[in-house]
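Here's the structure we're looking at; comments come further down.
The values are calculated or read from the model by the stated rules, or taken from the named source; none is laboratory data. Because the structure is a prediction, the values reported are computed rather than measured. Cβ sites come from the backbone with ideal geometry, for glycine too, and all protein chains shown count toward neighbours.
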Amino acid sequence: MSAPAVERPRPTRGARPARPARPARPARQTMPRRSTGVPAPRDANGAIGRAYARRAVRERRQSGEANDATSGRSQFVLLIMVLFGVGLVASLWLSTTAAADSYRLDAARQATRDLSERSESLSTEIASMQSAPALAAAARQMGMVQVSDVARLVVRPDGSVQVVGAPKAAVAPAAPAPVLAPAAPAQVPGQPPVDQQQGTGAQVPDQQQGTGQQGTGQQGTGQQAPDDQVAPEQPGVPAEQGPVQGTGTVQQAPVQQQAPAQQQAPTRQPGYAPLAAPAAGPGPSAVAGH
Amino acid sequence: MRTATPPRTRPKSRSSPPVRRPRGPATGRVDHNRRLAIGRLIMVTLLVLAGVKLVTVQTVQSGQLRADGDKQRVTRLPLPAERGSILDRSGAPMAFSVQAKALVANPFLIGRDQGANAINRKTQIAIGIAQLTGVDAYQLYAALNTDRHYVILVPLVEPAVARAVTERFPEIAQEDRESRQYPGGPLAANIIGAASWNMDQHKLHGVVGLEASQESLLAGTDGFRVVDTAEGGNTVIPGSERAEKAAVPGSNLQLTLDSDLQYTVQQQLAAYVNLHGAKDGSAVVLDAHTGEVRALATNATFDPRDLAAASANQLGNPAVTTPFEPGSVNKIITMAAALDSGLVNPMTVKDVPDSIKIADRTIHDAWTHPTQRFTLTGILARSSNVGTLMTAQQIGPDRFWTMLNKMGLGRRTGVGLPGESSGRVPPRDTWSGSTFGNLPIGQGLSMTVLQLAGMYQSVANDGLRVPPRIVAATIDPDGTRHTEPRPDPVRVVSPQIAQQLRQMLTAVTQAGKGVQRGTGVDAAVPGYEIAGKTGTAQQVNPACGCYSSNNYWITFAGMFPAQAPRYVVAIMLDAPTHGQNASGLFHQIASTLAQRDQIPVDPNPAPMVPLVVP
């Protein structure tokens, strides 16, 4: 029983399954260690003891191997921890950068929006200032007069000059005031607040009042009877009719008493006027609703 | 290992209890088992119930439940398509859209939240908004001082201003709007029309004019975004997009109009109409070769920026929708047919008496004269009704009818404007005896001023009539330009006859003495040969159903320079009270065009043509 134990201090792997029955091995250093926790003394016929001994051998062998593996495992753990650490730092760094970038993105978006709004408002302004009526009005303001008939000089092949047509001074058309009012980029019409929710009963007067006021503010005295028979759009003051019909000589003179606030506002928001100009938005549909 | 030990201990405990058995262990064990059974039963029942419910929820109700859940989270946010612009022929915008916001509020909520402080708060808001937007503070306050749940305080403001307001007053909300800009105001307003914000569809909607008729082209297609939003708000949960379809902006519409010319013509027409006390007036300028509409003006116009102020008759475009009886400008048909027939030439002489009897009617000339020997040119230049009818009788109604059709009367030109009228020409088979006494002199049929211009365009373009068009091209959102197909031209007369007609028409503006003087001398522009024709048609008096003797349609149609026409102009004045002649307006328009286009001057005055020969 004991002899083989001596002969085989380090059993080869192949022999291990064949000889586990020998109880000799437990006698080594395993016994004391094991004996503390396991009730080995109860061993009646030795089978238990043998079993424990076998286990002890197994464990010892394993622990011996573990000792070898310890360094490898700890390296592995270290590696994993380092990886975790790097990952953590990286993700923190990334999220911080992303957050910072999102702030920058936000700022850039805002800047883009502001700029595009500005470009829109400027192009609106340009469009209204270079439209034909505005140009004509600007020319008039500079004292320019539209000429109807001009005389022309035709140079003949022999060098003499022939006058075609009768030259005459251009006269400012005094009689009919210009029909097309110049586009007025700096005018801010007062927008009447319009209620959408409630019945039109309460709101039509509002609307009319608003329109009236607006009309007066903008067009001067060319007021006419409201004519709302067909246009679902609204009761109206024909926009440029005053001068045409010879009733109004005042074109742009605002009647100040009604809407002082509207008249001052333009300086504040120069680009605002064209936006607000058509009272078309909700007004018509609200009125047409009934 | 641990599992191995308990079984060993159990037998021990089991072996000891038998001592206590007599105390009624039987009942105890039954109870225990029953309890166990009942418990098991309950468990199983519950499990079965839960299972059934699970299956029901997962299969039967799953669709409904998912829909309900989605309803709470998933929101379909519209992505509005920007409306296309309307450009003139040089690309200058005549109508375009910009982003805008509407400021809205819930006065009821403000009142409830602020309690006693509501008045103060509302005053603050009203004054604050008034400062930022320039709207009357009193009106704002009045709107805020209601119990309503939704009030639009300012319909259209710039986005930046709207942001400033909402930042300062969280009670005020902003809604997306699209603001339609008409930089020219009333410039070509009757053509372009107007678009206004439609509250139901939440987008701009054309109301009149091209804005309405080309709605589908201009409007584009709205896109949408399906996202999850926080409950009770529209805050989009990042990364929750389920579907997104980008909006397709509307196409741009490029017109053939020249906005400078349009402005001038509109101005001159309005001044002329005003000066002569006419009820109404229209004028159209066509490119002589392409038939493109360069300007199309009507007297009654409106400002699309202030649609509310426009009345119904201002919104229309009578130049294409309202036909009139043309009068003597229609004599060009008789002359064209006569020359085309080869029976006459411009110098053919006719003995023209003062009146002629056609069927049961006697037709007089506009002025009293003895029987005179008129050349065919003279008949046209002096606008003799009798001479024209004599010529018409000579060629017969069939040739006249063919020519009338070739000139495009009684049919829409297809110019591309909404509500175009075809005019009215009595069908050939309904003609009575006197019809052929009316039509050659331009009564008993009607046409629009655009059709009138079209007739003269065929003469200007060497006998080839190109139906007028106003839409030059559509430009896709990606910038691809689709030129509108040019309409098929119609050969009306040969180039030689067109040339002869132009010469005859030039005699109309000939400033001769007495009988050698044309009827449209006022149209002449020094340095240019002007070919044109005056017209005066009696209006029908609705009271008696007969022709009125004091209300007229005054027309003029012409082209210049006569030898190589560049422009065709047609004018109609409705019942002017004084000055029965529209040639003055033609003169103004032609003079403007000559200066603007720097049309070469012809220093030699047109030769005098004998109108009446001894």
Those residues of segment B:171-198 which are farther than 16 Å from B:Val208 by Cα and either of a type in the set (D, E, K, R) or assigned to a loop (DSSP other than H, G, I, E, B) (or both), in sequence order: B:Glu171, B:Ile172, B:Glu175, B:Asp176, B:Arg177, B:Glu178, B:Pro183, B:Gly184
Out of the helices (runs of 4 or more DSSP H) lying entirely within segment B:42-145, which hold 1 or more residues that are more than 14 Å from chain A (Cβ to nearest Cβ) and either touching a Pro at 6+ places or on another chain (Cβ under 7 Å) or among the basic types (Lys, Arg) (or both)? B:62-73, B:107-114, B:118-133
Please go through segment B:326-342 and give me each residue that is surrounded by fewer than 24 Cβ atoms within 10 Å (Cβ to Cβ) and of a type outside the set (Gly, Ala, Ser), ordered by number. B:Asp340
Pairing a residue in segment B:384-399 that is part of a loop (DSSP other than H, G, I, E, B) with any residue that is among the β-branched types (Val, Ile, Thr), where Cβ atoms lie under 6 Å and the two sit 6 or more apart in sequence or on different chains, gives B:Ser384/B:Val352
Per the list (1) under 30 Å from B:Ser85 (Cα atoms); (2) surrounded by fewer than 24 Cβ atoms within 10 Å (Cβ to Cβ); (3) touching a Lys or Arg at 6+ places or on another chain (Cβ under 7 Å), residue check on B:Gln114 breaks on (1)
Tally the residues that are more than 7 Å from chain B (Cβ to nearest Cβ), outside any helix (DSSP H, G or I) and either among the small types (Gly, Ala, Ser) or in contact with a Gly (Cβ under 6 Å, 6 or more places away or on another chain) (or both), restricting the search to segment A:134-160. 4
Residue within segment B:214-230 that is assigned to a helix (DSSP H, G or I), at positive phi and either among the aromatic types (Phe, Trp, Tyr) or in contact (Cβ under 8 Å) with a residue 40 or more places away in the chain (or both) present: no
Among what's in segment B:167-177 and is touching a residue at least 60 places away in the same chain (Cβ under 8 Å) and more than 28 Å from the chain's Cα centre (by Cα), pick the residue that is farthest from A:Thr124 (Cα to Cα). B:Glu171
Which one is surrounded by the most Cβ atoms within 10 Å (Cβ to Cβ) among residues in segment B:353-367 that are touching a residue at least 40 places away in the same chain (Cβ under 8 Å), part of a loop (DSSP other than H, G, I, E, B) and not acidic (Asp, Glu)? B:Ala366
Within the set of pairs 6+ apart or on separate chains, which have a first residue in segment B:289-308 that is closer than 20 Å to B:Ile470 by Cα, a second that is of a type in the set (Ser, Thr, Tyr), and C-beta atoms under 6 Å apart? B:Glu292/B:Thr256; B:Val293/B:Thr256; B:Thr298/B:Ser282; B:Pro304/B:Tyr182
Some residue of segment B:368-380 being of a type in the set (Lys, Arg), in contact (Cβ under 8 Å) with a residue 60 or more places away in the chain and in a helix (DSSP H, G or I): no
Yes/no for B:Thr555 being under 25 Å from B:Val612 (Cβ atoms) and assigned to a loop (DSSP other than H, G, I, E, B): no
Does segment B:178-197 contain any residue that is more than 17 Å from the chain's Cα centre (by Cα) and more than 7 Å from chain A (Cβ to nearest Cβ)? yes
Over segment A:120-133, the set of residues closer than 22 Å to B:Ala100 by Cα, small (Gly, Ala, Ser) and assigned to a helix (DSSP H, G or I) is A:Ser121, A:Ser123, A:Ala127, A:Ser128
Yes or no: segment B:482-496 includes at least one residue that is of a type in the set (Gly, Ala, Ser) and part of a helix (DSSP H, G or I). no
Identify all residues within segment B:304-330 that are part of a loop (DSSP other than H, G, I, E, B) and either within 14 Å of chain A (Cβ to nearest Cβ) or not β-branched (Val, Ile, Thr) (or both); write none if there are none. B:Ala310, B:Ser311, B:Gly316, B:Asn317, B:Pro323, B:Glu325, B:Pro326
State whether the residues of segment B:161-170 include one that is part of a helix (DSSP H, G or I), of a type in the set (Gly, Ala, Ser) and more than 7 Å from chain A (Cβ to nearest Cβ). yes
Can you say whether B:Thr555 is of a type in the set (Val, Ile, Thr) and within 14 Å of chain A (Cβ to nearest Cβ), as far as the supplied structure shows? no
Kindly list the number of the only condition in (1) more than 10 Å from chain B (Cβ to nearest Cβ); (2) modelled with pLDDT of 90 or more that fails for A:Asp114. (1)
Of the conditions (1) without any contact (Cβ under 8 Å) to a residue 12 or more places away in the chain; (2) under 24 Å from B:Val98 (Cβ atoms); (3) not charged (D, E, K, R), B:Asn234 satisfies every one except a single condition; which number is it? (1)
With respect to the numbered conditions (1) in contact with a strand residue (DSSP E or B) (Cβ under 7 Å, 6 or more places away or on another chain); (2) part of a helix (DSSP H, G or I); (3) over 30 Å from A:Ala139 (Cα atoms), which one is the sole condition not fulfilled by B:Glu241? (2)
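A quick yes/no check of all residues on (1) on the phi < 0 side of the Ramachandran plot; (2) of a type in the set (D, E, K, R); (3) assigned to a strand (DSSP E or B); (4) free of Cβ contacts under 8 Å to residues at least 40 places away in the same chain:
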{"position": "B:Leu505", "(1), (2), (3), (4)": "yes, no, no, no"}
{"position": "B:Thr536", "(1), (2), (3), (4)": "yes, no, yes, no"}
{"position": "B:Ser549", "(1), (2), (3), (4)": "yes, no, yes, yes"}
{"position": "B:Ser591", "(1), (2), (3), (4)": "yes, no, no, no"}
{"position": "B:Ile599", "(1), (2), (3), (4)": "yes, no, no, no"}
{"position": "B:Asp602", "(1), (2), (3), (4)": "yes, yes, no, no"}
{"position": "B:Ala606", "(1), (2), (3), (4)": "yes, no, no, no"}
A:Ser102: more than 14 Å from every other protein chain (Cβ to nearest Cβ) and farther than 30 Å from B:Ile599 by Cβ, yes or no? no
Looking at B:Ala511, B:Ala460, which one is in contact with a Lys or Arg (Cβ under 9 Å, 6 or more places away or on another chain), small (Gly, Ala, Ser) and at pLDDT 95 or above? B:Ala460
Residues of segment B:309-322 satisfying the condition of being in contact (Cβ under 8 Å) with a residue 12 or more places away in the chain and either aromatic (Phe, Trp, Tyr) or surrounded by fewer than 24 Cβ atoms within 10 Å (Cβ to Cβ) (or both): B:Asn313, B:Leu315, B:Gly316, B:Pro318, B:Thr321, B:Thr322
Of all residues making up segment B:393-412, the number that are under 25 Å from B:Thr509 (Cα atoms) and in contact with a Leu (Cβ under 8 Å, 6 or more places away or on another chain): 1
Do you know which of the residues in segment A:161-186 that are modelled with pLDDT of 65 or more and assigned to a loop (DSSP other than H, G, I, E, B) is nearest to the other protein chains (Cβ to nearest Cβ)? A:Gly165
